[in-house]
Each structure stands twice: as structure tokens, then as C-alpha cells.
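Read-outs throughout are calculated quantities, based only on the coordinates presented, and are distinct from any laboratory measurement. Everything numeric here is computed off the predicted structure, so don't read it as measured data. Please note: Cβ atoms are built from the backbone with ideal geometry, for glycine as well, and neighbour counts cover all protein chains shown.
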Amino acid sequence: MYAERLSLTDFRSYAQLDLELSPGATVLVGQNGVGKTNLVEALGMLSTLSSHRVSSDAPLVRFGAERALVRAAFVRGTQRSALELEINPGRANRGRINRGATIRARDLLGIARTVLFAPEDLALVKGDPSSRRRFLDELLTVLLPHLAGTRADYDRVLKQRNALLKSARAARFSRRGGPDARDASGGASVESTLEVWDTHLAQAGARLLAARVALVGRLAPHLDAAYAQLTDGSKVTRAVYRSSVEGAVPDAEEDADDAGHAPSSFGEPPAAGGSPGLAGLGVDEIAERFLAALAAARPRELERGLTLVGPHRDDLELLLGEAPAKGFASHGETWSFALALRLASYYVMLDDSAVPGDEPILILDDVFAELDATRRARLAAIVAKAEQVLVTAAVDADIPPELGGRRIRVFPGAVDDGDAARPEHGDA
Ligand SMILES: Nc1ncnc2c1ncn2[C@@H]1O[C@H](COP(=O)(O)OP(=O)(O)O)[C@@H](O)[C@H]1O
Ligand SMILES: [Mg+2]
């Protein structure tokens, strides 16, 4: 697919912008800070509904404005769809398809398919488990939009269950002034309410877990192939889903994640053997294991006032050769791994294409400047074949000649695509 128009109203630095786009390669060039990333961030949001840079909506709305509008027209084979996302910080975001009635934002999922590469992707390899969970869930909701509902159910139940654990913990501490104080009747009602939440949590959680595990299975072969394409192919990559439901993620690691610090197990080799994982299990079997894990964790959960097992505490372990990529990979290897993860998601989407013209749009934000000449050339050769690829760069020299395509100059709040009818080729 390709985007043929992008319109922004009060999005980031743009009061109003209308940009015509075409299939093939387009390079957005301009000095740092002029608003290149803002443009591709907006387009990416129509696919994932979230920004690759910030987790809250407020910075996405032009300073001083109340809401932002992102609109784009996509061409998919013979089909055209116009998507509109209204960003309302502090309130629910809304969507519209083909200028129809207002719908929930999440009902836009699954129509626009983009794969965005950005310097932030280094966190996929080096960062907390939360970045890797986000990577999996974003890809899942593009492939299987109904999972956004499952995800929302899970998050809601988790929040309520955590609130209950927290208040039970507070009650235990305040009652007779010590953690050992007991109140049989109060305890019993907490336990029975917890059981209800456990069932809901395990049902939604198991659906999410089954989908994540299946996705990792689909990504794995592409990941290794993509890594080999980007490098000289001398190292093997592996991605292993580690679930807290299987006891595979130590509490300490996730606690560091919750607090926003680097996990304490940084640089430790993977546990030898490990659990066979959840691969091959059905949703019901996973739900059973989830419930068993919750039962086992109950005393610790009451003590901590926190849900300690579930997809919100899992990780996607990335291995390069025998060692974990995190902590062991060099800077160049980390980049290649991060790019390979994004390329793998592109290939999974390609496998998934039902109709011709279904290819996802590739977006490369400031990526070439970060790579050495070999990796640049290799990446350019791969992405140049895509139906549409949008690239941002501060200077033309960062763009490998293999890419060619059309150049658009970006200035603060505006773009100059005056020579749209005369595409330039290469950097000759
Ligand atoms: N919500 C906002 N309102 C107004 N300006 C913003 C907002 N968010 C970011 N900007 C501005 O956008 C610019 C950065 O744009 P960006 O797309 O990241 O630049 P680059 O061209 O380097 O990729 C900065 O000047 C920043 O101040
Ligand atoms: Mg930028």
C-alpha cells in the first residue's frame, strides 16, 4: 500500500500541512529540528495509534492548541481509504474512516500498515522488557485488530486487580500496626474478590499470550534472515518469548522495569535449559497455567500489592550467537539487531498480505546517518524494493545512492515539494 496524501492540523510543530505523496522512495530532507520526524510520526500513528517517541498524547498536539488531527489517504491495490485520527489529550482519541461517522480510535487499526525504523529502536535491544512487549503488541494489533480489545480488557482487569492487592496490603499494614496482623473475615473477602479478577485476568491474558507466542514463532525465521542480510551473516539471532507465567522472568528484573531503571540482570547469560515455554499450547491450557502461576504468586502479590505474573511482566529475550544481545552486542550489532526486528515485522506483514498492493509502507526516520557505509547500502538495497518508503535525513549525503527517489525539503512548519513532478534520481 502507499499513502497518497498526509494532512496535519495542529499536530506537533504544524498548524496546517498538506503533503502529496507518491509510491516509491521519498526522502524528506531538512536541518535538525525542522519537523521531519513529526511528519513520519504522524503517518506511523495511523497504523499503530501510538507515537514511536512519546507515550502520552499531550506533546503531539501543537503547543497551545486543544487537539490535533492527522489525516491520510491510503491506496491498497484498487482500494482507497481515508483515515482520520483526532488526538485529544486527556480524553479518548477518535477516528473516522472515509469521512464517515466518528468511531473509537482503535477501530482504525488494521487498515494502514506501516513499519517505522527509528533511532529509538535501539531500546528494543538495549532497553527494558516493556519496549519489546510494546513491539510485539503493536505488530499484533496491526495484524489482528481485535486483539486491541483483548489488550484493553487485560489492562483494565490488571488495574483493578492491582488496586485490590494494594488496598489489601495497606489494610494489613494499618490493622493493628503490623504486617503480621490478620483479619479472617477481611482476608476472605479479598481472596474471593481476587479469584474473580484472576479468572478475568487469565482469560484475557491467555489470549494475548497465545497471540504473542505465535507471533514470535512467525518472526523468528525472518529475524535471522534479516540479520544475515544486514551483516556478513556470521552470527545467528534468536528471539525467545520468556513468560512470567512460566516463571521465566525473575521478579527483580521486572521491578527494575516498573521503576524505570535498567534491569538488574543486565548482562547475565540466559538460564540454561529454561522452560519449554508456551509454544504449542492452546488458549485454555495457557489460561490454566496462568491461574496456577497466580495461585503460586498469591502470598508474594499480597505482600507487594502488585500483580507479579502475566503478559505485562514478560520479555522477549534476544540472543546473538550464544549470548543475550542486551549487554553483549556491540553498538553496530545492536543496530543491526534492531533493524532486523523491524525488517522481520515487515516480512511477517508481507506473508500476511491477502491482496496485491497490501505491502506495508516503510518509514526510516534518521536511520541512515547512524549506520556505517556497508550497513547503509545493505539496508537501502532491501527497502528500495518496497512499494513506498519514506526516509528522513538531515543532509542528502546521508542517503545512499541506491535509494534515489523524490526529495522533499522540510522547513519549520512547511514543506517544499515544488519539484514533485520532476523526481530526482540518486545523488548524482
Ligand atoms: N507539540 C508541539 N508543539 C509545537 N512544536 C513542537 C511540538 N512538538 C515538537 N515541536 C517542535 O518540533 C520540532 C522538532 O521536530 P522534529 O520532527 O523532531 O525535527 P527533525 O526535523 O529533527 O526530525 C522542534 O522544534 C519542536 O520544538
Ligand atoms: Mg528527527
| task | Step through the residues of region 63-79 one at a time and calculate ³J(HN,Hα) from phi using the Karplus curve (6.51 cos²θ - 1.76 cosθ + 1.60, θ = phi - 60°), rounding each to whole Hz and writing x for Gly and Pro. | result | 3, x, 8, 8, 8, 10, 10, 10, 10, 8, 10, 10, 10, 10, x, 9, 9
| query | With springs only between Cα atoms under 10 Å, which of P299, P145, P401 fluctuates most in a Gaussian network model of the chain? | reply | P299
| request: Provide the FRET efficiency to the nearest 0.05 for the T199-K166 pair, computing r from the beta carbons and using R0 = 35 Å. | output: 0.95
| Which one of S56, S244, S131 has the biggest mean-square fluctuation once the chain is modelled by GNM with Cα springs under 10 Å? | S56
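Rounded to a whole number of µm²/s, how large is the Stokes-Einstein D of region 282-363 at 10 °C and 1.306 mPa s, given Rh as the Kirkwood radius over C-alpha pairs? List each step's numbers first, then the result.
Values: Rh = 16.6 Å.
Result for D is 96 µm²/s.
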| What order, most packed first, do the peptides 99-107, 281-289, 219-227 have when packing is the mean number of other Cβ atoms within 10 Å of each residue? | 219-227, 281-289, 99-107
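Quick one, could you list the DSSP H helices from the chain stretching 27 Å or more along their long axis (Cα atoms) with average Kyte-Doolittle hydropathy of 0.0 or above? Before the final figure, lay out each step's value.
Details: long enough: 147-174 (40 Å, -0.55); 184-230 (63 Å, 0.40); 283-304 (29 Å, -0.15); 331-352 (32 Å, 0.23).
What comes out of the filter, once short or polar helices are dropped, is 184-230, 331-352.
How big is the charge dipole of the chain about its Cα centre, in debye rounded to the nearest 20, if each Lys and Arg gets +1 on its Cβ and each Asp and Glu gets -1 on its Cβ? Provide the component values of the computation, followed by the final result.
Working: 51 positive and 59 negative charges, 222 e Å.
Computed charge dipole of the chain: roughly 1060 debye.
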| note | Summing -39500 (n - 2.57) over every DSSP H run of at least 4 in the chain, dividing by its residue total and rounding to the nearest 500, the 222 nm mean residue ellipticity is -14000 deg cm²/dmol
| field | For peptides 149-161, 201-213, sequence by mean Cβ density within 10 Å, most packed first | value | 201-213, 149-161
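So what is the diffusion coefficient of the chain in µm² per second by Stokes-Einstein at 4 °C and 1.567 mPa s, using a Kirkwood Rh over Cα pairs? Walk me through the intermediate numbers first.
Details: Rh = 23.2 Å.
D = 56 µm²/s.
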